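Student: Okay, handing you the structure first.
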There are 2 protein chains.
Amino acid sequence: MTVADLAEPFGGRRTLITGGLGFIGSNLARALVVAGADVTLVDSLVPAYGGNLHNIAGIEHQVHVNVSDVRDEHSLRHLVRDQDVIFNLAGQTSHLDSMRDPYTDLEINCRAQLSILEACRAGNPQVKIVFASTRQIYGRPVRLPVDESHPIAPVDVNGVNKTAGEWYHLLYGEVYGLRVSVLRLTNTYGPRMRVKDARQTFLGIWLKLLLTGEEIQIYGNGEQRRDFTFVDDAVAAFLLAADEEAPAGAVYNLGHPQHVSLRELAELLVELNGGGSFRTIPFPADRKAIDIGDFYADYSKLERELGWSPRVPLREGLERSLAFYRDEGEHYW
Amino acid sequence: MTVADLAEPFGGRRTLITGGLGFIGSNLARALVVAGADVTLVDSLVPAYGGNLHNIAGIEHQVHVNVSDVRDEHSLRHLVRDQDVIFNLAGQTSHLDSMRDPYTDLEINCRAQLSILEACRAGNPQVKIVFASTRQIYGRPVRLPVDESHPIAPVDVNGVNKTAGEWYHLLYGEVYGLRVSVLRLTNTYGPRMRVKDARQTFLGIWLKLLLTGEEIQIYGNGEQRRDFTFVDDAVAAFLLAADEEAPAGAVYNLGHPQHVSLRELAELLVELNGGGSFRTIPFPADRKAIDIGDFYADYSKLERELGWSPRVPLREGLERSLAFYRDEGEHYW
């Protein structure tokens, strides 16, 4: 099923997306708008994060934009009321920033999550909530591919706080009956991702460097293997998990059958771009300390239970990303 | 070795105890004072927590008391400087309070822990830190006894936040080289525990009810089995873990070879007290939702690596507790 098919059941329904002006949030909003959903986007527009008004270019009159911070529990209490579904995607995503300023990461990835859940418990206990978690909570894999039962052992403050945020969701489901589900995302990429820097994904800054004629830098030997999810596939997973029939309290990995090394990824990008260069450089110490090595996920549970599978091959996803930033890069540099 | 033997190496050394006017902190302070250590106690004296000035009766002139809250990062920054060892015991301990007011639990069990670690990283990176964690982070056991590799799956906000607090410690050890170790405590009891209510341990309120002639209430059928650590044994574990030779980055369970049901415990208490009564009542809903069932720990790692074992049998520990509160209960009711 296409994203459009999956969005269809949300026609006429009230949906709230936290982090709605960000990368995945805005792509999800586009699908929901096409389906005729009532879409409210909450976003703080903090410059270091993923929110970008250009992300809703063309749909700006079909969504409600509410600029506020998920740390602001009062605005949240109002906003969650009467929603049918909350896609909870707001987060601080930079691992390095979480080490430099652990408090802000805590406020957003822990405290704000409690606020959202408390607001739902008090004002909208029937709402369906899909929480954007991350493969980062697994830390350095002790086995590959990593399935949902892999030990949780985060290696940075962001990973610890995202774990807490995820567990609050599961806990509020267990104790108060909130209908939550959790998606553990891995290296999502595609149009509308942050490309100014590596705060959202290293692939963002790689694309920008390539398109602006600068050299890509790979930390280490480039042999670290990873899996990548094109944003349309991530959006499909959010829609499936938000379905009325989807089980509550479930946790799902996303992933992709193609596991490539960072060096192979850089080679592919240079090829698709018809030019460009990369080189490996030694790991900066602060990054090395929190690097997780090889990672790829076992996403068979999501496949089995909700019928999800990644539809966009890496090559196609990268081509579509390059095309997007070639045209619209000026709004993202 | 006795607690006095174990405290001896700390003579002349500078030690800081957060939560130092509390139950375990004040017992630890007594051992360190006898050994001739320089002892600073930080405590917020928040009424709902374990701090009680009577806990240092008799040693009040041999310790430095600094009344401040671990949430206050400025006082911490000053206090951690020049310390040789920090025993980090300050915490919000009530599971129910954490569900009613998750934000306060977060501030103390997460944010303040980050403050302490940041203060050490910046101002005292050589310090040895022993963190008081809890068996609560394991949640409902999937196997018994629970060893340190048991999955972490907390069932309440307190458990989630204590997990984060513990993991920050391990992370700051890993990334910044801080010399941390972690003790996962289970049902610590003894003189100077909070007995006003069940906020620190249910055994506290049981003792008070018994000594004031009221009936003990056991939730459920009373068949839940637990292990109990007498406070002197807990103090011994903190001293062992703080030793210069003890490995950094290690996590240890505490536990006890006697696993008793709550009903057996109540029977034993009534017997030792020479009177009293108890009855089982249905679980209140809010407690049932976060109850963990049977729990007892495998503490063989602490035994093997640091030579710790529980020296005080349950009967003796309960007798000593009853004797203490019979004499000094008025300061604790």
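The values are calculated or read from the model by the stated rules, or taken from the named source; none is laboratory data. Since we're looking at a predicted model, the values are computed, not measured. For neighbour counting, all protein chains shown are included, and Cβ atoms are generated from backbone atoms with ideal geometry for every residue, glycine included.
Student: If a residue must be surrounded by fewer than 22 Cβ atoms within 10 Å (Cβ to Cβ) and of a type outside the set (Gly, Ala, Ser), how many such residues does region B:234-246 contain?
Tutor: Residues that pass the stated criteria total 4.
Student: A further question on this structure: Report, by residue number, each residue of region A:36-45 that is under 15 Å from A:Gly25 (Cα atoms), surrounded by fewer than 16 Cβ atoms within 10 Å (Cβ to Cβ) and of a type outside the set (A, V, I, L, M, F, W, C).
Tutor: none
Student: Here are some conditions: (1) over 29 Å from B:Phe202 (Cβ atoms); (2) away from chain A (no Cβ under 11 Å); (3) surrounded by fewer than 24 Cβ atoms within 10 Å (Cβ to Cβ). B:Ser94 meets all but one. Which one does it not meet?
Tutor: (1)
Student: Among the residues of region A:247-257, is any in contact with a strand residue (DSSP E or B) (Cβ under 6 Å, 6 or more places away or on another chain), over 12 Å from A:Leu183 (Cα atoms) and crowded, with 23+ Cβ neighbours inside 10 Å?
Tutor: Among the residues of region A:247-257, at least one is in contact with a strand residue (DSSP E or B) (Cβ under 6 Å, 6 or more places away or on another chain), over 12 Å from A:Leu183 (Cα atoms) and crowded, with 23+ Cβ neighbours inside 10 Å, which makes the answer yes.
Student: Turning to a different aspect of this structure: Step by step: first the residues of region B:130-168, then only those that are of a type in the set (D, E, K, R) and buried (at least 24 other Cβ atoms within 10 Å of the Cβ), then the one that is farthest from B:Asn253 (Cα to Cα). Which residue is that?
Tutor: My answer is B:Asp156.
Yes/no matrix, rows are residues, columns are (1) assigned to a helix (DSSP H, G or I); (2) in contact (Cβ under 8 Å) with a residue 60 or more places away in the chain; (3) over 19 Å from A:Ala246 (Cβ atoms); (4) polar (S, T, N, Q):
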{"site": "A:Leu21", "(1), (2), (3), (4)": "no, no, yes, no"}
{"site": "A:Gly25", "(1), (2), (3), (4)": "yes, yes, yes, no"}
{"site": "A:Arg30", "(1), (2), (3), (4)": "yes, no, yes, no"}
{"site": "A:Gly36", "(1), (2), (3), (4)": "no, no, yes, no"}
{"site": "A:Val39", "(1), (2), (3), (4)": "no, no, yes, no"}
{"site": "A:Val42", "(1), (2), (3), (4)": "no, no, yes, no"}
{"site": "A:Ala48", "(1), (2), (3), (4)": "no, yes, yes, no"}
{"site": "A:Gly51", "(1), (2), (3), (4)": "no, no, yes, no"}
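Student: Answer yes if at least one residue in region A:293-303 is more than 28 Å from A:Asp97 (Cα to Cα) and polar (S, T, N, Q), and no otherwise.
Tutor: yes
Student: May I ask you to verify whether B:Ala48 is surrounded by fewer than 23 Cβ atoms within 10 Å (Cβ to Cβ), in contact with a Gly (Cβ under 7 Å, 6 or more places away or on another chain) and at negative phi?
Tutor: no
Student: Same structure again: Restricting attention to region B:1-17, which residues are surrounded by fewer than 23 Cβ atoms within 10 Å (Cβ to Cβ) and either in a strand (DSSP E or B) or of a type in the set (S, T, N, Q) (or both)?
Tutor: B:Thr2, B:Arg14
Student: Test of understanding: among A:Asp84, A:Asp147, which residue is in contact with an Asp or Glu (Cβ under 7 Å, 6 or more places away or on another chain), touching a residue at least 60 places away in the same chain (Cβ under 8 Å) and of a type in the set (Asp, Glu)?
Tutor: Only one candidate passes the filter, namely A:Asp147.
Student: Further, regarding this structure: Give me the residue from region B:256-288 that is without any contact (Cβ under 8 Å) to a residue 60 or more places away in the chain and over 28 Å from B:Ala234 (Cα atoms) and, out of that set, nearest to the other protein chains (Cβ to nearest Cβ).
Tutor: Per the criteria, the residue is B:Ala285.
Student: With the structure loaded, tell me whether B:Glu244 is within 14 Å of another protein chain (Cβ to nearest Cβ), closer than 30 Å to B:Leu114 by Cα, in contact (Cβ under 8 Å) with a residue 24 or more places away in the chain and among the acidic types (Asp, Glu) or whether it fails that test.
Tutor: no
Student: Let me ask you something else. Mind checking which residues of region B:189-216 are of a type in the set (Asp, Glu) and modelled with pLDDT under 95?
Tutor: Scanning region B:189-216 gives a single hit, B:Asp197.
Student: Right, here's the next one. Do you know which residues across region A:169-203 are of a type in the set (Phe, Trp, Tyr), within 14 Å of another protein chain (Cβ to nearest Cβ) and surrounded by fewer than 24 Cβ atoms within 10 Å (Cβ to Cβ)?
Tutor: A:Tyr176
Student: Are there any pairs, at least 6 apart or on different chains, whose C-beta atoms fall under 8 Å, with the first in region A:102-114 and more than 7 Å from chain B (Cβ to nearest Cβ) and over 15 Å from A:Tyr49 (Cα atoms) and the second of a type in the set (Ser, Thr, Tyr) and assigned to a helix (DSSP H, G or I), and if so, which?
Tutor: A:Gln113/A:Tyr168
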